[in-house]
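Peer 1: There's a structure below that I have some questions on.
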There are 2 protein chains.
Amino acid sequence: MELRTIRIDGTTRAARVEGDQLVLLDASDVGALLRSGADRNADGATVEIATADHAPLVTHPDKIVCVGVNYADHIAEMGRDVPPAPTYFAKFRQALIGARDDIMLPVPTVSTSIDWEGELAIVIGAEARHASASEAQACIAGFTVLNDVSVRDYQRRTTQFLAGKTFEGMTPLGPGLVTVEELGDGSGLEITTEVDGVVKQSSNTSQLVFGAIDIVQDLSTIITLEPGDVIATGTPGGVGAARTPPEWMSNGTLLRTTIAGIGECTNTCRLPG
Amino acid sequence: MELRTIRIDGTTRAARVEGDQLVLLDASDVGALLRSGADRNADGATVEIATADHAPLVTHPDKIVCVGVNYADHIAEMGRDVPPAPTYFAKFRQALIGARDDIMLPVPTVSTSIDWEGELAIVIGAEARHASASEAQACIAGFTVLNDVSVRDYQRRTTQFLAGKTFEGMTPLGPGLVTVEELGDGSGLEITTEVDGVVKQSSNTSQLVFGAIDIVQDLSTIITLEPGDVIATGTPGGVGAARTPPEWMSNGTLLRTTIAGIGECTNTCRLPG
């Protein structure tokens with residue numbers, strides 16, 4: 001099953017994919033659907049996918065946790081060591097945009113070092129605390145696509161990544177949540193990032209150092225995971241910062257982030273005004 | 001003016017301090033009060049402060065941002081350099097507890113390196129984005145007390161602090177929001193942390209490298225600040241990790257965090273069960 005969140009009639013709604021149609025469900029977004037347990041198989045009005053306006057898949061996640069340095073090839077290109085445990089940082093909800101929305105660039109006087117990071121994201125479907133491996137698998141609703149678009153100079157101005165990772169309106173999330181019935185633990189999925197039509201990242205989620213179940217289990221030792229929480233699992237090699245010379249996105253750059261079996265985000269970078 | 005959030009009748013309520021009484025207001029907590037703009041001067045039923053059960057001052061902040069390495073003496077004891085910009089990391093709401101609540105220790109097999117970090121916290125009262133210095137001052141509702149109780153081995157297991165900073169039920173916040181009419185920019189306030197009655201941290205918020213207005217202005221370059229957002233400004237020298245030998249809190253340890261002109265959090269560390 002695939003679930004999406006669209007903008008319609010001045011608000012947002014959760015919907016289920018049926019062929020080329022979206023069936024509207026009784027929840028304001030997929031996060032609210034997961035929290036309320038509303039019937040995801042219900043009948044409802046339909047909207048053509050081709051004309052739908054996608055909101056961030058989860059509009060108000062309780063938490064957005066990102067995992068850094070979690071693909072062996074990206075660890076090598078950034079000159080880091082394989083960490084003994086998942087490297088966590090956060091992102092705030094104002095960073096999120098829909099799967100077809102423009103990426104809101106900061107003005108050039110703030111930063112021009114805008115980089116891509118295609119990622120598999122976990123969406124939590126049930127509360128989890130001190131989870132076993134089987135409980136960790138059971139609390140995952142499914143997976144989606146996220147691009148952890150990064151403002152590298154802000155990421156690197158101190159030891160902590162947060163500043164460069166939570167810029168407003170720069171993180172595509174969606175278009176759909178594909179459920180665990182189809183994707184299992186999220187391993188074995190081809191992941192690709194294209195920038196202006198050129199493949200820059202191409203890997204497979206089987207290359208994750210810490211997989212989805214490892215991450216959920218470890219996080220639940222620290223804090224209660226809630227339905228609608230989003231966990232980005234990290235990016236493979238091929239980011240702009242690691243290229244010689246470094247490559248950055250700018251006004252008009254087209255970013256396409258694809259995970260086989262889930263879908264793609266297609267976003268254009270835009271300067272304000 | 002001082003505002004608090006208490007637990008009452010199976011829910012939470014915002015309240016205004018009047019002498020030794022709390023006047024209940026029309027909002028579920030101080031965060032909701034700031035978001036709704038409900039009348040903070042309204043009349044209402046009263047509760048004695050002495051018998052009140054304090055909830056986290058803001059129960060569901062949209063964001064909790066923490067600033068690290070922001071007092072010169074703490075920077076020296078941790079062997080870090082003075083950063084060129086504020087060092088930000090996040091905390092999630094499940095970390096928060098009330099000003100008199102027990103601190104929920106992780107079981108010893110998870111961690112025993114539990115440290116104190118007394119901090120001045122900013123509470124945002126109005127939306128702010130790309131704020132000037134005067135706009136940054138204007139969007140601050142006031143200040144409160146926070147202890148960024150830290151699980152040091154989780155903080156240090158990777159480069160990113162988040163894991164050690166957002167353990168469930170370990171971060172006292174409150175008891176009251178004292179408004180900017182009384183505290184201005186939050187500078188010049190004595191801040192003290194006592195552990196089992198012994199003063200471990202004693203400094204003044206004038207020693208902050210980046211003050212409240214600097215932090216709010218810089219953060220608003222990155223993301224929109226919202227009413228009820230909480231920003232912890234960093235801790236002075238004297239933490240347990242920097243002592244020889246290191247000192248940790250354990251079951252029964254009494255932690256008292258005081259800021260002159262605001263109030264104090266008094267919390268006992270407790271193992272589960």
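The values are calculated or read from the model by the stated rules, or taken from the named source; none is laboratory data. These numbers were taken from a predicted model, which means no experiment stands behind them. Positions of Cβ are backbone-derived with ideal geometry, glycine not excepted, and every protein chain shown enters the neighbour counts.
Peer 1: Just to be sure before I move on: is residue A:246 within 14 Å of chain B (Cβ to nearest Cβ), surrounded by fewer than 21 Cβ atoms within 10 Å (Cβ to Cβ) and more than 30 Å from residue A:126 (Cβ to Cβ) in the structure I sent?
Peer 2: no
Peer 1: Checking the structure you have, find out if any residue of the range A:175-185 is free of Cβ contacts under 8 Å to residues at least 60 places away in the same chain and acidic (Asp, Glu).
Peer 2: Yes: the range A:175-185 contains one or more residues that are free of Cβ contacts under 8 Å to residues at least 60 places away in the same chain and acidic (Asp, Glu).
Peer 1: Go through B:159, B:193 for me and flag whichever is under 18 Å from residue B:97 (Cβ atoms) and assigned by TED's automatic domain parsing to the domain that holds residue B:104.
Peer 2: Numbers: B:159 fails: under 18 Å from residue B:97 (Cβ atoms).
Going through B:159, B:193 in turn, the sole match is B:193.
To keep it simple, each residue is scored yes or no on (1) out of contact with any Asp or Glu (no Cβ under 9 Å at 6 or more places or on another chain); (2) aliphatic (A, V, I, L, M).
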site: A:172; (1), (2): no, no
site: A:181; (1), (2): yes, no
site: A:215; (1), (2): yes, yes
site: A:237; (1), (2): no, no
site: A:258; (1), (2): no, no
site: A:261; (1), (2): no, no
site: A:273; (1), (2): yes, no
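Peer 1: Looking only at the range A:108-121, which residues are away from chain B (no Cβ under 14 Å) and under 16 Å from residue A:265 (Cβ atoms)?
Peer 2: A:115, A:116, A:117, A:118, A:119, A:120, A:121
Peer 1: Restricting the range A:135-189 to residues that are among the charged types (D, E, K, R), in contact with a helix residue (DSSP H, G or I) (Cβ under 9 Å, 6 or more places away or on another chain) and away from chain B (no Cβ under 14 Å), which is farthest from residue A:116 (Cα to Cα)? Before you say what the answer is, go through the steps one by one.
Peer 2: So in the range A:135-189, the residues among the charged types (D, E, K, R) come out as A:135, A:148, A:152-153, A:156-157, A:165, A:168, A:181-182, A:185.
Subset that is in contact with a helix residue (DSSP H, G or I) (Cβ under 9 Å, 6 or more places away or on another chain): A:135, A:148, A:152-153, A:156-157, A:165, A:168, A:185.
Still in the list and also away from chain B (no Cβ under 14 Å): A:135, A:185.
Values: A:135: 32, A:185: 24 Å.
Across the range A:135-189, the extreme among qualifying residues is A:135.
Peer 1: Does the range A:253-271 contain at least one residue that is modelled with pLDDT under 95 and either buried (at least 23 other Cβ atoms within 10 Å of the Cβ) or not acidic (Asp, Glu) (or both)? Walk me through how you get there before you give the answer.
Peer 2: Residues of the range A:253-271 modelled with pLDDT under 95: none.
The answer is no; no qualifying residue exists.
Peer 1: What residue, of B:185, B:115, B:102, is crowded, with 20+ Cβ neighbours inside 10 Å, of a type in the set (Asp, Glu) and assigned by TED's automatic domain parsing to the domain that holds residue B:215?
Peer 2: Step by step, each of B:185, B:115, B:102 is checked, and only B:115 is crowded, with 20+ Cβ neighbours inside 10 Å, of a type in the set (Asp, Glu) and assigned by TED's automatic domain parsing to the domain that holds residue B:215.
Peer 1: Related question: Scan A:122, A:140 and give me the residue that is in contact (Cβ under 8 Å) with a residue 40 or more places away in the chain, within 13 Å of the chain's Cα centre (by Cα), in the same structural domain as residue A:224 (by TED's automatic domain parsing) and within 25 Å of residue B:167 (Cα to Cα). Steps first, please.
Peer 2: Working: A:140 fails: within 13 Å of the chain's Cα centre (by Cα).
Matching residue, one of A:122, A:140: A:122.
Peer 1: Out of all the residues in the range A:179-193, which are in a strand (DSSP E or B) and closer than 21 Å to residue A:70 by Cβ?
Peer 2: A:190, A:191, A:192, A:193
Peer 1: Which residues, taken from the range B:204-218, are touching a strand residue (DSSP E or B) at 6+ places or on another chain (Cβ under 6 Å) and within 24 Å of residue B:36 (Cβ to Cβ)?
Peer 2: The one that is touching a strand residue (DSSP E or B) at 6+ places or on another chain (Cβ under 6 Å) and within 24 Å of residue B:36 (Cβ to Cβ): B:212.
Peer 1: Given (1) over 13 Å from residue A:175 (Cβ atoms); (2) of a type in the set (Gly, Ala, Ser); (3) surrounded by 18 or more Cβ atoms within 10 Å (Cβ to Cβ), where does residue A:38 come up short, assuming only one miss?
Peer 2: Unmet condition: (3).
Peer 1: Still on this model: Out of the residues in the range A:72-84 that are in contact with a helix residue (DSSP H, G or I) (Cβ under 7 Å, 6 or more places away or on another chain) and not acidic (Asp, Glu), which is farthest from the other protein chains (Cβ to nearest Cβ)?
Peer 2: A:72
Peer 1: Could you check the range A:201-211 and list, in sequence order, the residues that are part of a helix (DSSP H, G or I) and either within 13 Å of another protein chain (Cβ to nearest Cβ) or surrounded by fewer than 23 Cβ atoms within 10 Å (Cβ to Cβ) (or both)?
Peer 2: Hits for the range A:201-211 are A:206, A:207.
Peer 1: If you take the residues in the range A:212-239 that are of a type in the set (Gly, Ala, Ser) and buried (at least 19 other Cβ atoms within 10 Å of the Cβ), which one is farthest from the chain's Cα centre (by Cα)?
Peer 2: A:220
Peer 1: Looking at the range A:128-142 only, could you name the residues that are within 17 Å of residue A:263 (Cβ to Cβ) and either in contact with an Asp or Glu (Cβ under 9 Å, 6 or more places away or on another chain) or at pLDDT below 95 (or both)? Show your work before the answer.
Peer 2: Looking only at the range A:128-142, we keep the residues that are within 17 Å of residue A:263 (Cβ to Cβ), and these are A:141-142.
Within the range A:128-142, A:142 is the sole residue that qualifies.
Peer 1: Another question, if that's okay. When only residues in the range A:57-70 that are crowded, with 24+ Cβ neighbours inside 10 Å and over 22 Å from residue A:33 (Cα atoms) count, which is nearest to the other protein chains (Cβ to nearest Cβ)?
Peer 2: Of the residues in the range A:57-70, the ones crowded, with 24+ Cβ neighbours inside 10 Å are A:57-58, A:61, A:64-68, A:70.
Filter once more, so that each one left must be over 22 Å from residue A:33 (Cα atoms): A:66-68, A:70.
On the way: A:66: 9, A:67: 10, A:68: 7, A:70: 11 Å.
Looking at the filtered set, the residue picked out is A:68.
Peer 1: While we're looking at this one, here's another question. Being hydrophobic (A, V, I, L, M, F, W, C) and assigned to a strand (DSSP E or B) is the filter; apply it to the range A:86-102 and report the residue that is farthest from the other protein chains (Cβ to nearest Cβ). Before you say what the answer is, go through the steps one by one.
Peer 2: As a first pass, look at the range A:86-102 and keep what is hydrophobic (A, V, I, L, M, F, W, C): A:89-90, A:92, A:95-97, A:99.
When the remaining residues are screened for being assigned to a strand (DSSP E or B), the result is A:89-90, A:96-97.
Working: A:89: 5, A:90: 4, A:96: 11, A:97: 13 Å.
Here the answer is A:97.
Peer 1: Would you mind stating whether residue B:28 is without any contact (Cβ under 8 Å) to a residue 24 or more places away in the chain and among the hydroxyl-bearing types (Ser, Thr, Tyr)?
Peer 2: no
Peer 1: With the structure loaded, tell me whether residue B:47 is at pLDDT 95 or above, assigned to a strand (DSSP E or B) and outside the structural domain of residue B:171 (by TED's automatic domain parsing) or whether it fails that test.
Peer 2: yes
Peer 1: Let me ask something else. Scan the range B:4-16 and give yes if some residue there is among the polar types (S, T, N, Q), part of a strand (DSSP E or B), touching a His at 6+ places or on another chain (Cβ under 9 Å) and in contact (Cβ under 8 Å) with a residue 24 or more places away in the chain, otherwise no.
Peer 2: Yes - at least one qualifying residue is present in the range B:4-16.
Peer 1: In the range B:121-162, which residues are in contact with a strand residue (DSSP E or B) (Cβ under 9 Å, 6 or more places away or on another chain) and polar (S, T, N, Q)?
Peer 2: B:144, B:147, B:150, B:155, B:158, B:159, B:160
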